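Read the structure below first, then the notes.
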Amino acid sequence: MKLHNPFRTAFVATMGVGLGLLLIGSVQTLSTILLYVGTALFLSLGLDPIVGWLERRKLPRWAAVLITILAVLAAFAGIILMIVPVIVGQISQLVTQIQRLVENGTWDPIPQLKDWLHTTFPTLLVDDVFEYLEEWLAELDLGEIGGSIGGGLLAVGAAVIAGLGGAFIVLILTIYFTASTPHLKSAVYQTVPASKRPRFIDLSEQITASVGFYVIGQLSLGVINGVLSVIFLNIIGAPFPAVLAVIAFFFSLIPLVGTLTGSTIIVLTCLIPGLGDPTVALIAAIYYLIYMQIEAYVIAPRIMGRAVSVPGAVVVIAALAGGSLLGLLGALVAIPVAASVLIIYRQVLIPRQNER
């Protein structure tokens with residue numbers, strides 16, 4: 001029996017561990033770039049059905065891509081030019097109004113919270129808890145807190161600048177990926193053995209089409225909720241309807257629980273004394289309860305009909321896992337990834353098991 005050289009074995013094992021650590025470190029270092037690339041691929045798959053629809057109208061590929069990109073840029077520019085100034089103005093008014101309420105003493109949430117706790121939990125030592133909190137606040141170093149707040153504001157400003165730069169990079173990559181999607185697909189398909197290539201192409205086209213329709217469908221649901229919200233909130237006289245409508249739009253992009261979360265925030269905002277009114281909040285709550293039923297049983301099935309249906313439990317698990325890994329973007333991307341896994345499960349794994 002031939003014995004291996006211990007030094008050589010240890011050296012090879014050490015090199016393997018070192019290369020593994022180097023690979024992990026490289027992935028961590030390039031995580032931001034990989035996130036940009038993944039986001040751009042995700043968005044380009046969402047634009048691909050639109051490009052395909054234009055191509056079926058006898059337009060060449062370059063013209064279809066150009067029209068799609070220009071339409072997207074025009075939509076974003078219109079949103080920024082028309083909506084952002086209104087939102088900024090209303091946010092400033094909201095902050096000013098809250099500050100005025102606090103300074104005038106017309107809205108002091110602490111006594112209201114104490115009264116509510118006394119009524120709801122009469123056996124709870126509410127006064128002792130608040131006395132402890134007051135002593136703790138009195139011992140705080142306000143100068144240190146002010147410095148922390150200033151540093152936090154600088155960090156937020158830097159994050160905003162970095163986010164704008166990242167958004168520009170994602171936009172450029174999205175344009176490139178959208179224009180070169182057929183070439184990228186062809187390059188990937190060539191790596192598969194010829195005997196298995198037709199089946200691989202069929203599954204890949206189903207997955208990319210499902211992801212594209214999912215992206216378009218989720219954006220459509222967000223636009224519908226945002227537009228209807230701004231109209232309805234203006235009608236009932238809700239405070240800062242443009243800001244609340246933007247909240248409704250962005251939360252509608254989150255599958256399953258987004259509309260409920262955004263609606264709850266809107267209703268609670270309408271309940272703030274001095275800003276909203278309990279009657280307005282009640283009307284808004286009734287409206288969003290009705291809207292969520294219509295969205296779940298009428299709007300969403302029609303819009304998302306061409307995307308792969310994913311069970312609710314899988315949606316929750318995928319969103320939690322994606323959110324833990326990549327934040328909000330991970331939660332959004334996790335749903336089409338789960339849909340892709342379901343396609344492979346239904347069309348590859350189950351048929352193979354049935355053939356045994």
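The values are calculated or read from the model by the stated rules, or taken from the named source; none is laboratory data. Everything numeric in this text was worked out from a predicted model, so none of it was measured. Glycine gets a Cβ as well: all are built from the backbone with ideal geometry, and neighbour counts include every protein chain shown. Surface areas here come from the heavy atoms of the whole protein model, side chains and all, with no ligands, DNA or RNA. Shrake-Rupley method; radii C 1.70, N 1.55, O 1.52, S 1.80 Å.
Just grab the label-to-label distance for residue 59 and residue 8, each label 7 Å out from Cα along the Cβ direction, in nm (one decimal).
6.4
Report the FRET efficiency, 1/(1 + (r/R0)^6), for residue 201 and residue 302, where r is their Cβ-Cβ distance and R0 is 25 Å, rounded to 0.05. Before the final figure, lay out each step's value.
Working: r = 29 Å, r/R0 = 1.16.
With a Förster radius of 25 Å, E is 0.30.
I'd like the carbon and sulfur percentage of the solvent accessible area for region 222-286, probe radius 1.4 Å, heavy atoms only, ligands and nucleic acids excluded. Show your work: numbers first, answer last.
Values: 2300 of 2820 Å².
Carbon and sulfur atoms account for 82 percent of the accessible area of region 222-286.
What does the accessible area per residue of region 240-293 come to in Å², with a 1.4 Å probe and no ligands, DNA or RNA counted? It would help to have the intermediate numbers written out before the result.
Details: 2410 Å² over 54 residues.
Per residue, region 240-293 has an accessible area of 45 Å².
For residue 288, what accessible surface area do you get with a 1.4 Å probe? Give it in Å², rounded to 10.
0
Given a Förster distance of 22 Å, report the FRET efficiency between residue 250 and residue 228 from their Cβ-Cβ distance, rounded to the nearest 0.05.
0.90
Within the set of other residues whose C-beta is less than 15 Å from the C-beta of residue 61, count the net charge using Lys and Arg as +1 and Asp and Glu as -1. Kindly include the intermediate steps, with their values, before the conclusion.
Details: positive: 56, 57, 58, 185; negative: 48, 55.
It works out to a net charge of +2.
Taking a label point 7 Å from the Cα of residue 348 along the Cα→Cβ vector, which residues of region 188-202 have an amide N closer than 12 Å to it?
It comes to 197, 199-202, nothing else.
Can you send over the solvent-accessible area of residue 17, 1.4 Å probe, protein chains only, in Å² to the nearest 10?
90
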